[in-house]
1. Apply the a/c threshold of 1.5 to the C-alpha gyration tensor of the range 138-235 and tell me whether it is rounded, prolate or oblate.
2. Determine one quarter of the surface area of the Cα convex hull of the range 68-198, which equals its mean projected area, and express it in nm² to one decimal.
3. Can you give me the C-alpha center-to-center distance between the range 129-182 and the range 317-388, rounded to a whole angstrom?
4. Going 7 Å from the Cα of Met62 along its beta-carbon direction, which residues of the range 211-246 have the amide nitrogen within less than 18 Å of the resulting point?
5. DSSP loop GluC sites (Glu not before Pro) in the range 8-109 with at most 14 other Cβ atoms within 10 Å of their Cβ, which ones?
6. For the chain, what is the percent of antiparallel DSSP beta bridges, rounded to the nearest 5?
7. Run the numbers for Thr271 and Ala89: contour at 0.36 nm per residue of separation, minus the present Cα-Cα distance, in nm.
8. Put +1 on the Cβ of every Lys and Arg and -1 on every Asp and Glu Cβ in the range 27-81; which of Ile40, Ala54, Gly76 then has its Cα farthest towards the positive end of the dipole?
Amino acid sequence: MNINKNYMNLKDSYLFSSIAKRVGEFAGRNPGKEIIRLGIGDVTRPLVPAVIQAMSRAVDEMGRAETFRGYGDEQGYSFLRKAICGFYAAKGIELQEDEVFVSDGAKSDTGNIGDIFSSVNTVLIPDPVYPVYVDTNIMAGREIIYMKGNEDNGFLPLPEPRVKADIIYLCSPNNPTGAVYTKEQLGLWVDYAIENDAVILFDSAYDSFVNDKNLPVSIYQISRARECVIEFASFSKTAGFTGTRCGYTVVPNGLIRNDSSLNKLWLRRQTTKFNGVPYIVQRGAEAVFSPEGLAQIQENINYYLENAEIISGTLARRGIWFTGGKNSPYVWFRCPGNMSSWEFFDFLLEKANVVGTPGAGFGVGGEGFFRLSSFGNREDVVSAMERFKSII
Ligand code: PLP
């Protein structure tokens, strides 16, 4: 018996436990101090009425023999995949229903997609980055090449022709940096992937935060992307489904490697290992795309975007370099006074009693930077920024 020794190569993830420990110690030393948390990436607005009504109806259906449902359809119920295709059609993208796979979220799918790729592939991953891409490839024993995000490239690394990779992870709008690729920049990545016979894994978990009409809301808005990209989407941040769990992945039928359809491989993988998403949740997700659902989730998204504006406006007035804050729920900035990420974390906690996320937790390229999230409530964001102004 041998374990998967690749797991020995994983770095322990201390980020959120270290944050919790430091905050706990501070609270112990300073009882009664009100601590504001702008570190978390979880949403705080509740599910919208259209979703709740649809899920309630589905619960009732499950309680009646005539409408009860057992095991669901393989790739997700047709009603939801149709609604997703309709959502893409509104962005000018034609999808076939069988190109859409309903899932329990983008974390699972971005993590599991590696099952259909050989472990000898070389993987290109930005740094700083959402840690799931790195850890799942370490688990699979793949060689990872990091591409540096920094102030010079606005944390939007572009392809370098001399760097050869088979699989490329891109996330836009980005977590943690909030930076958003333009259509031209994504076009360079699509060209690179086609030239190198590579596959791009595009995480669009934050697509709904893009309100600048010139920015892409799906990589399939770039011509020929269907030949080289798998896109992952999520209801988590779009519609507050972080606890409800639903997402979807698009694997175009035209995506062929080694004479095999990646769509067929993913279908085989999912039908073998994944149980699907509950009927009740899929009805809730379908309701997100109804006219009322879309209007209601937009109100929540606007609320978070206004929070992001308040945070980024404060940084701008203090002359602090940042990315995000527009078309994204995250604001990513250089730590004032050349502090390291953790030095600034302690400084902000001690002096302003505000908790954020040290950029170094997202990779070595994040050292010296800091992330604030706009998913908190308005009063907290406003008072956190008042305190920030008083100490910076
Ligand atoms: N992808 C990115 C870039 C994220 O930041 C997150 C969550 O924070 C996820 C995926 C996870 O999404 P889900 O809740 O759909 O699994």
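The values are calculated or read from the model by the stated rules, or taken from the named source; none is laboratory data. In this text, all values refer to a predicted model and were calculated from it rather than measured experimentally. Quick reminder, even Gly has a Cβ in these numbers, built from the backbone with ideal geometry, and neighbours come from all protein chains shown. All accessible areas refer to the heavy atoms of the entire protein, side chains included, with ligands and DNA or RNA removed. Shrake-Rupley method; radii C 1.70, N 1.55, O 1.52, S 1.80 Å.
1. In terms of gyration-tensor shape, rounded.
2. 9.9
3. 21
4. Only 241-246 fall inside the zone, counting backbone N under 18 Å.
5. Qualifying residues, ordered by number: Glu34, Glu66, Glu74, Glu94.
6. Of the beta bridges lying entirely in the chain, close to 50 percent run antiparallel.
7. 62.9 nm is the gain from fully extending Thr271 to Ala89.
8. Farthest towards the positive end: Ile40.
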